[in-house]
Each structure stands twice: as structure tokens, then as C-alpha cells.
1. Do the conditions hold for A:LYS11, that is, is it within 12 Å of DNA strand D (Cβ to nearest atom), open to solvent by 80 Å² or more (accessible area, probe 1.4 Å) and of a type outside the set (Ser, Thr, Tyr)?
2. In contact (Cβ under 8 Å) with a residue 24 or more places away in the chain and of a type in the set (Ser, Thr, Tyr), is that true of B:SER40?
3. I'd like the full set of residues that are buried (at least 17 other Cβ atoms within 10 Å of the Cβ), outside any strand (DSSP E or B) and of a type in the set (Gly, Ala, Ser), limited to segment B:16-69.
4. Would you confirm, using the coordinates I've provided, whether A:ASN68 is within 13 Å of chain B (Cβ to nearest Cβ), within 19 Å of B:SER45 (Cα to Cα) and either of a type outside the set (D, E, K, R) or within 13 Å of DNA strand C (Cβ to nearest atom) (or both)?
Number of protein chains: 2
Amino acid sequence: MNKSEIGKAIKQRRKFLRITQKELSEIVGLGLRSLIDMESGKGNSSIDQLQKVISALGLSITVKVKENE
Amino acid sequence: MNKSEIGKAIKQRRKFLRITQKELSEIVGLGLRSLIDMESGKGNSSIDQLQKVISALGLSITVKVKENE
DNA sequence: ATGAATTGTGCTTTATATTGCACATTTACT
DNA sequence: AGTAAATGTGCAATATAAAGCACAATTCAT
């Protein structure tokens with residue numbers, strides 16, 4: 001998954017949980033602006049930021065050896 | 001996986017491929033210092049940095065709904 | 001259709017990552 | 001053990017992300 005796809009996964013999950021960006025940004029303690037950029041794949045957020053959002057949404061991040069496609 | 005575990009995965013993979021940190025940093029176009037911090041889980045690198053390293057090592061990053069543990 | 005909430009953008013300031021350097025420590029080879 | 005390569009750390013300069021603001025655009029309910 002690339003940055004943009006990660007953003008989409010976050011957005012999708014957030015919507016599934018029926019949380020607004022503003023709510024999530026407050027829960028996570030992250031600027032609304034940064035969250036918007038993260039979801040749209042525009043910014044270049046830090047791992048810490050990403051982790052906060054991901055864990056708040058009940059998601060997890062995994063690094064593994066790439067499968068052959 | 002948290003930041004530190006991701007770093008370990010990177011380090012493990014790099015060693016498996018018998019590449020030095022310096023070599024990898026040059027391949028990826030990333031400062032040696034940053035790579036060291038990334039592997040040891042000390043820094044707080046950006047997604048772009050992380051992605052570069054990960055893809056150079058034939059790894060991939062995935063975000064998915066967290067399993068029940 | 002319209003009004004309100006939500007999402008998104010340009011700009012600026014502030015906070016923080018990135019980098020290189022010089023040196024310390026650890027690892028690996030003979 | 002001795003030496004060279006590899007890995008790691010403190011510090012300073014530079015590059016870039018984070019945040020808030022004001023406003024625009026879109027989405028959503030009534």
C-alpha cells in the first residue's frame with residue numbers, strides 16, 4: 001500500500017465508524033488539517049501521527065515481505 | 001506493529017539481504033543518520049522515507065482492521 | 001432548494017524531522 | 001589481540017511537517 005492507499009483505508013474505516021474528521025482529529029489530538037491531508041494522501045505525515053490515527057480507528061499497520069504480484 | 005517493531009523488521013530484512021546501513025541509505029537516497037534512527041525506532045520518520053526504505057528492501061506496508069488478540 | 005455540517009485549500013507561523021560532521025562504540029575478520 | 005568496517009550518538013544548520021485561520025466547496029438532512 002502506498003501513502004494514498006493508506007489514506008483511503010483510514011477514511012473508509014473512519015466513515016464505517018461514523019466519525020467525522022473533526023471528531024477524529026480531536027480524539028487523536030491531531031490538527032484537522034493534518035488529518036485531511038493524511039486521508040487524501042497529500043501530506044507526508046510522520047509515523048507517530050499515522051500510528052495515532054490508525055490505532056484510534058482500531059486498525060493496525062504491518063510490514064512484511066512483499067508478495068509476488 | 002509499532003514504530004520500534006517496524007524498525008526491527010527493516011533491520012532484519014536489511015541484514016538478510018546483506019546490505020549495510022550506509023549502502024541502503026545511498027540506494028534509497030536517505031541520510032545514514034535517518035536510517036539508523038528509523039531502524040532503532042528512535043526517530044519519527046515520514047511516510048515517504050519509510051516507504052522508500054521498505055520498497056527498496058522488497059517489503060510492503062499494510063493497514064488493516066486489527067485482529068482480536 | 002436551502003441551510004448546516006463536513007470536508008477541503010492557500011497562506012503563515014511554529015514545531016520537528018533530516019542531514020552532515022566529528023567522534024564513540026560495537027561487530028567482524030584474520 | 002589488533003584492525004577495519006559497521007553501527008550509533010550529540011550537536012548545529014537546514015528542510016519540511018504540523019497547526020490554525022479564513023474562506024471555498026461539497027455533502028447531507030429536512
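The values are calculated or read from the model by the stated rules, or taken from the named source; none is laboratory data. Predicted model only: the values in this text are computed from it and were never measured. No Cβ is skipped: glycine too gets one built from the backbone with ideal geometry, and neighbour counts run over all protein chains shown. The protein model used for the area step is the full one, side chains on, heavy atoms only, and it has no ligands, DNA or RNA in it. Shrake-Rupley method; radii C 1.70, N 1.55, O 1.52, S 1.80 Å.
1. Criteria met by A:LYS11.
2. Answer is yes for this residue.
3. Passing the criteria: B:SER25, B:GLY41, B:GLY43, B:SER45, B:ALA56.
4. No; evaluated as a whole, the condition is false for this residue.
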